[in-house]
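To start, the structure itself, in structure tokens.
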Amino acid sequence: MAKPYPYFVSLDEAREICHNNKISLLTEEVSIDDSLNRIIASNVVAKVNDPPFDNSAMDGFAVIFSETKSTPAELSIIGVSNAGSDNLPELSSGQAMKIMTGAPIPKGADSIIPIEKCVIKGEKVTLNEQSKPHFIRKQGENFTINSVLFEPGEVLTPEKISLCAAAGVDRLTVYQKLKVAIIPTGDELKPLNEELGYGEIYESNSYGLSALITSLGHEVTRFSTVVDNLDTLRETLNIAANHHDLIITSGGVSMGDRDFVRIIMQNEGDINFWRVKMRPGSPPIFGKWSNTPIFGLPGNPVSSHVVFRVIVMDWLLSLTNSTNSRDKIIPATLDDDVKVVEGFTTFRRVELFYHQGKTLARLKGHQGSGNIAGIAMSDGLTILGPNDSGKRGDNCQIMLF
């Protein structure tokens, strides 16, 4: 007989249970070339100042500001500072140095005048307006040596990788990728390269789930579809548990006689909760199979996608103390009545538009849990809490895709 477990919990309770059943991740050092989407595991510290030296923000002339207050002003050109120049002469009264963008500022100069504001005649330059001290990029104004650029939990985006390179950081300590097994289930599912028979559909959930997991910096194995058979399912789960850190199944978790993931977990697994008060996506299971964490997601594609975003992704991010850099939440005003269920958290697909100073959210397509097109073609999901009415004109949080 299966041991008792929480049944039909709130979304907050489901997340809390997940957070109380974390696993530990090891760390490793990787080259900056291999760091995209990896999760930082220790502080990233700048090795240099940025800029490393005072330099010009534009092409022009380096001058002494006090000598440009009255214009036009004529100065003698004593040389050129190019990007990478060294051993520049010091600027004295009555002198100017031609300078290129990014080039070092010569000693004595404290401002820049753009080239287009100057007239050059031989070794003389006439300044037609006052020079600008703020056209000098000051040493360390972006960041200073030994400053912490990023803390553990942050995801290495292209922009962050560029900053690491500017700071002289070529290797980074990151969390090792989790090995995640995705197992779709169901007799009706067919691979993409086969013709469909009557009553069959293409297996699609594993592709979207795989993309979501990869975007979070982890490694995915997509298993072939498991038919509705307990022995085959047991064998597949055992293989997945032996070689992976996390198992995600799709389908077979509801209340039917052939919902075999639910049946095998009740009889042979360890369940932490089954069913969550959310729409869509109420049937998920979370527990362990052979001591490996397992999330059993619904088979309907929208339900599978939504449960991953609001429960599985939340758990994965909690393992590395990361914030959700993928999904942004913004406020909006409902432009339609949204069907809600009292006591449930409701996620409906919406498109956003701007009207009379407000961001409005309008339902996008029919809201059936089998309509993955609604996810693909909408801007985000409503987040309507258990006590929200979902009436037109109500304020609402929107999770953007």
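Read the figures in this text as sums done on the coordinates, not as results from a lab. Remember, predicted model here, so these are calculated numbers, not experimental data. Methodologically, a virtual Cβ is constructed for each residue, glycine included, from the backbone with ideal geometry; neighbour enumeration extends over all protein chains shown.
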**Asked** Considering region 1-45 alone, what residues qualify as being among the small types (Gly, Ala, Ser) and touching a Ser or Thr at 6+ places or on another chain (Cβ under 7 Å)?
**Response** Ala41, Ser42
**Fill in**
Per the filter on region 245-260, residues of a type in the set (Val, Ile, Thr) and in contact with a Ser or Thr (Cβ under 7 Å, 6 or more places away or on another chain) are Ile247, Thr249
**Fill in**
In region 289-304, anything assigned to a strand (DSSP E or B) and free of Cβ contacts under 8 Å to residues at least 60 places away in the same chain is listed as Trp289, Thr292, Ile294, Phe295, Gly296
**Prompt:** Since Gln397 meets every condition but one in (1) under 29 Å from Ala181 (Cβ atoms); (2) under 20 Å from the mean Cα position of the chain (by Cα), which condition does it not meet?
**Reply:** (1)
**Request:** Might you check whether a residue that is touching a residue at least 24 places away in the same chain (Cβ under 8 Å) and among the small types (Gly, Ala, Ser) occurs anywhere in region 279-286?
**Result:** yes
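Would you please name the residue that is farthest from the chain's Cα centre (by Cα), looking only at residues in region 309-364 that are assigned to a loop (DSSP other than H, G, I, E, B) and basic (Lys, Arg)? I'd like the intermediate steps shown before the answer.
Keep residues of region 309-364 that are assigned to a loop (DSSP other than H, G, I, E, B), which gives 320-328, 335-344, 347-348, 356-357, 364.
Remaining after also requiring basic (Lys, Arg): 326, 328, 339, 348, 364.
Numbers: Arg326: 3, Lys328: 9, Lys339: 30, Arg348: 22, Lys364: 24 Å.
My answer is Lys339.
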**Asked** Inside region 97-172, counting only strands (runs of 3 or more DSSP E) that do not spill past its ends, which hold 3 or more residues that are under 24 Å from Glu67 (Cβ atoms) and over 34 Å from the mean Cα position of the chain (by Cα)?
**Response** 111-114, 118-121, 124-127
**Request:** Return yes when Ile136 is in contact with an Asp or Glu (Cβ under 7 Å, 6 or more places away or on another chain) and within 30 Å of Ser76 (Cα to Cα) and no when it is not.
**Result:** yes
**Item:** Subset of region 60-84 [assigned to a loop (DSSP other than H, G, I, E, B) and surrounded by 17 or more Cβ atoms within 10 Å (Cβ to Cβ)]
**Value:** Ile64
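From the list Pro133, Pro114, Pro152, Pro106, which one is in contact (Cβ under 8 Å) with a residue 12 or more places away in the chain, surrounded by fewer than 15 Cβ atoms within 10 Å (Cβ to Cβ) and not acidic (Asp, Glu)? Steps first, please.
On the way: Pro114 fails: surrounded by fewer than 15 Cβ atoms within 10 Å (Cβ to Cβ); Pro152 fails: surrounded by fewer than 15 Cβ atoms within 10 Å (Cβ to Cβ); Pro106 fails: surrounded by fewer than 15 Cβ atoms within 10 Å (Cβ to Cβ).
Pro133 is the lone residue from the list that is in contact (Cβ under 8 Å) with a residue 12 or more places away in the chain, surrounded by fewer than 15 Cβ atoms within 10 Å (Cβ to Cβ) and not acidic (Asp, Glu).
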**Asked** Which of the residues that make up region 1-56 are of a type in the set (A, V, I, L, M), in a helix (DSSP H, G or I) and surrounded by fewer than 15 Cβ atoms within 10 Å (Cβ to Cβ)?
**Response** none
**Prompt:** Out of (1) part of a helix (DSSP H, G or I); (2) touching a Lys or Arg at 6+ places or on another chain (Cβ under 9 Å); (3) of a type in the set (S, T, N, Q), the odd one out for Thr221 is which?
**Reply:** (1)
**Item:** Count - residues of region 234-270 that are in a helix (DSSP H, G or I) and either farther than 27 Å from Thr214 by Cβ or in contact with a Cys (Cβ under 8 Å, 6 or more places away or on another chain) (or both)
**Value:** 8
**Asked** Quick one: would you say Arg392 is among the charged types (D, E, K, R), without any contact (Cβ under 8 Å) to a residue 60 or more places away in the chain and buried (at least 17 other Cβ atoms within 10 Å of the Cβ)?
**Response** no
**Message:** Out of the residues in region 205-217 meeting the condition of being buried (at least 16 other Cβ atoms within 10 Å of the Cβ) and over 13 Å from the mean Cα position of the chain (by Cα), tell me which one is nearest to Pro301 (Cα to Cα).
**Reply:** Asn205
